[in-house]
Amino acid sequence: MSPCAGDGLLFQGSDWNFEILQRAYDAIETIAVGELGLNVYPNQIEVITAEQMLDAYASTGMPLFYKHWSFGKHFAFHEAVYRRGLMGLAYEIVINSSPCISYVMEENTATMQTLVMAHAAFGHNHFFKNNYLFKEWTDAEGILDYLEFAKRYIARCEERHGEAAVERLLDAAHALMSHGVHRYPRKKRPDLRSEERRERERHEHREQAYNDLWRTVPSKGAAPQATLSDERRRALLELPQENILYFLEKSAPRLQPWQREILRIIRHIAQYFYPQRQTKVMNEGCATYCHYRILTGLHERGRISDGAFLEFLQSHTNVIRQPEFDDPNYGGINPYALGFAMMQDIERVCAQPTDEDREWFPDIAGSGDSMAVLRDIWSNFRDESFIAQYLSPHLIRRWRMFHLVDDPQDPELTVHAIHDERGYRRIRRMLARQHDIGWTDPDIQVADVDLAGDRRLIVDHSVINGALLHQEDVARVLQHLADLWGYDVILKEVDSATGALVREHTAHARPLFF
Amino acid sequence: MNIIDRRLNPGGKSLSNRQRFLRRAKALVQRAVREGSGERSIGDLERSGEVSIPAEGVREPRLRRSTAAGAHDHILPGNKRFIEGDTIERDSDGSGGGSAPGGDEEGQDDFRFVLSREEFLELFLEDLELPELAKRRLATIETHGFRRAGYSTTGSPMNLAVLRTMRNALSRRIAMRRPKGSDFLPLAQEIELLEGQGEPSDRLTSLKEELARLQQRSRRVPYIDPLDLRYRRLVPVPRPIAQAVMFCLMDVSGSMTEHMKDLAKRFFMLLYVFLTRRYQHVEIVFIRHTHQAKEVDEETFFRSPETGGTVVSSALREMQRIVAERYSPEDWNIYAAQASDGDNAPNDNNACSVLLKDSILPICQYFAYLEVGAEEGRAPAGFLGSRTTLWQTYEPLRDQGAIAMRRVTHRREIYPVFRELFRRGGVEKEATSR
């Protein structure tokens, strides 16, 4: 590499200061933007202590969050584990916001700070800004203001209605949080900034329109019941509805306005995190690939010393370690490892394709510009589609993947596919499916309710492969659901293949619980 | 790009969430703390500790599939010898069994976390309280402290409330229209300008008059007037005595085994921890006795062996002497705990009874008698024949509610007995319940 003015080692030794951070950031930016062509939100890097990192863990990484005992529980848990020395803390946390906030720990060495800036402030940041899921479902500009609003609103509700009432509501809402997301795009883009204004305006309107006289006007008695067809009734309630929190917010008969607003807040937050759950492999793969390229680039240019580079390689290899299935440390597929391996594999296919690659990936094999291909992939795929499209036979062989079926009906486990010609597609399909949260999360929908009748809420779970819901949890969640709904709730587990009713759970609303 | 140093931000952001969690899991944590305290040595009580509570109680349920039922597909890396169609035995170590990711009961594990020392003691000693016994005279003896109580117009300069004074001065100056510095400035400038031109004019004269008027007004209305002064007012408030002395009396004659001493020690330690929570300053006096009593330090008290007969009254006399010498009942809250295996010289019982009743109990806030028994030879409680001589001596006093008595034979009974003795408003109850 030809050294130009201002080059030389960014730092020596392991100590860092803010000047070094700035210098390292600039060097990283040169490579990230110039060479890799990343397109990122403006960055904000915040240096925090270990204790603050534990705080951040407890509030799902967000800088501010409303108060709830469950966050205290997570804090206590992480603290105990950390104190026992069982767990090191993450080197960084990055938040999908604009500006993109990355927390880095003060304990990190200068090399580690360089690594985490490359990883979080450029890798993750690029992914957040460009991936279609994040564009579709999250509002990076508005999220921090919205969380501030949520925190204030919930605190105000606690003052007005008592901590116990709010806690009960949050417990119930949290239990249903994973079923509080829209899975299919809607007409309106999320716009969290207008949320606060909307709530205020509605409140003001209620106050202005309030007139006590209306209470005294005699009613005409019940209006003649328009008998609706079942279909029409369901259509009016937007049924079937898989976003249970949305359904409750709009249709639960007995909730107060503030309770609906809190359900809405929880729903928005769940929606904000929804893309992250679908892109673990890609997101981490993208960040890991970027930091690897950037740090290697820095070393090639002579900006970091051999010692620093070795330190980087050591933690890099730790991160992308994938124990084999018979290793005592095996704990599932490591998303960092899989993501990084696939990104590198795509780079290989672009640069030096084999005949097999040409056959499997005709549109990218030998294209030469691997960064353009990767950037395109990072923008337009999620884990499931990414694996289904780009897991190559080469990688399946390298990892020696096999497909094992565990059917309780059979006395033994069966190997269904291995890394051979017959197995590639099956393994790829199955691995993609394991990363599809549409498949891994149970499919639960509000099926029907007769608001004019007994108001019993009917919820369906369509059972796949006989995997029923966790019995104890379902009883508790259903109780929460019944409390929110205010009337009885019945959950039917129906086998999706045969249509047969497998199991039924019921819950009764506790009187005056809310 | 911004780099922000957040390290100096106030910590403890999770504190209120943590408190909510503790409140939520209070019953569970309390049980864990109390059960855990049986295992840990009493010396560790003061330290913080890890507790584990059943995760069931603080579970956050979700709608999720049970991993027990239904068929599961796994994609695993690292195939070494399998080919398509192979079967693997279940639950075999290593090959197939390791593949099942987590059992169904992952949520059933205990939830472990660390309580701080404060949190631990708070829960440990909750709803215990120091009994208010007959010595009302002592309870009314109080010292005086001072407490802020608003402002007054007089006081010593030391207590001047500057902010309040300046606020008063400011509002008075505004009300009296005292001219400000900014009022003088344009006048002075204009005068200077006109004087520079050299020729006297009406304008100049009127300006000078105006300036003189303002200056006079400014002199008349002072910047700070004695009227403005405010002082912090402190009123004396009675404070209960915040110091206590704890007498540990123990029989160390040959009949006391190590086991019994251990029991006694545990009880004394608990009492000490409890007293330090309630009083700023607690002193301990160790008195051990055989046929004669001696004040000793802690190490000697628990460790060094001694032989001899048993005369309990000697210890009581020694305590009486020390109180008279060093701990005036006017200034000290006096607590005493006596541990013994119940033996006493037959001719001494009467002396004990009289001494206790006339001299010791009137000056004590609380007197507890703990009878420690050998682990194996447990006599059924309430069985008349099992009563030791000392127990029989003290029994009449207990019936008057003046002394708390318990018998303990096993380590695990210490804490329940202790709780029973100090339960809020529980002393009368226990006297009747037995």
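Read the figures in this text as sums done on the coordinates, not as results from a lab. All values derive from a computational prediction rather than experimental measurement. Note that we place each Cβ from the backbone using ideal geometry, even for glycine, and neighbour counts take in every protein chain shown.
Side notes on the structure shown:
- Sorted on the mean count of surrounding Cβ atoms within 10 Å across their residues, most packed first, peptides B:356-366, A:405-415 read B:356-366, A:405-415.
- Seen from A:Leu404, the other residues with C-beta closer than 10 Å to its C-beta sum to a net charge of -3, counting Lys and Arg as +1 and Asp and Glu as -1.
- Relative to the dominant Cα principal axis of chain A, helix A:18-29 is inclined by about 90°.
- Protection proxy ranking, highest mean first, for peptides A:298-308, A:169-179: A:169-179, A:298-308, where packing is the per-residue count of other beta-carbon atoms within 10 Å, averaged.
- Once the Cβ-Cβ distance of A:Thr506 and A:Asn318 is raised to the sixth power relative to R0 = 51 Å, the FRET efficiency obtained is 0.55.
- Estimated FRET transfer efficiency (B:Val354, B:Tyr151; beta-carbon r; R0 51 Å; 0.05): 0.30
- Whichever aspartates and glutamates have a C-alpha closer than 16 Å to that of B:Lys357, once near sequence neighbours (fewer than 8 apart) are set aside: B:Glu318, B:Asp348, B:Glu395, B:Asp399
- Other protein chain Cβ atoms within 10 Å, averaged over every residue that makes up A:40-46: 3
- Theoretical ellipticity at 222 nm over the protein assembly as shown - DSSP helices of four or more residues, -39500 (n - 2.57) apiece, nearest 500: -13500 deg cm²/dmol
- Seen from B:Asp5, the other residues with C-beta closer than 11 Å to its C-beta sum to a net charge of 0, counting Lys and Arg as +1 and Asp and Glu as -1.
- Peptide A:322-332, shielding by other chains (average Cβ, 10 Å cutoff): 5
- Within 10 Å of the Cβ of each residue in A:395-402, the mean number of Cβ atoms contributed by other protein chains is 4.
- Spatially proximal aspartates and glutamates relative to B:Lys208 (Cα-Cα < 15 Å; intrachain offsets below 8 disregarded): B:Asp183, B:Glu190, B:Glu192, B:Glu195, B:Glu199
- Per-pair calculated FRET efficiency, R0 = 30 Å: B:Glu56 and A:Glu238 via Cβ, rounded to 0.05: 0.25
- Ascending count of other beta-carbon atoms within 10 Å, so fewest first, for A:Arg254, B:Arg213, B:Arg288: B:Arg213, A:Arg254, B:Arg288
- Counting only Cα atoms, the protein assembly as shown measures 119, 108, 86 Å along its principal axes, largest extent leading.
- With K and R counted +1 and D and E -1, the other residues having a Cβ less than 11 Å from that of A:Ala365 yield a net charge of -3.
- Peptides A:74-84, A:149-159, A:14-24 ranked from most to least packed, by the mean per-residue count of other Cβ atoms within 10 Å: A:74-84, A:149-159, A:14-24.
- The label-point distance for B:Leu187 and B:Leu170, in a model that sets each label 7 Å from Cα toward Cβ, rounds to 2.4 nm.
- In straight-distance terms, cross-link reach from A:Lys135 covers every one of the aspartates and glutamates whose alpha-carbon lies under 20 Å from its own, apart from those fewer than eight places away in the same chain; here that gives A:Asp145, A:Asp191, A:Glu195, A:Glu284, A:Asp376, A:Asp383, A:Glu384, A:Asp436.
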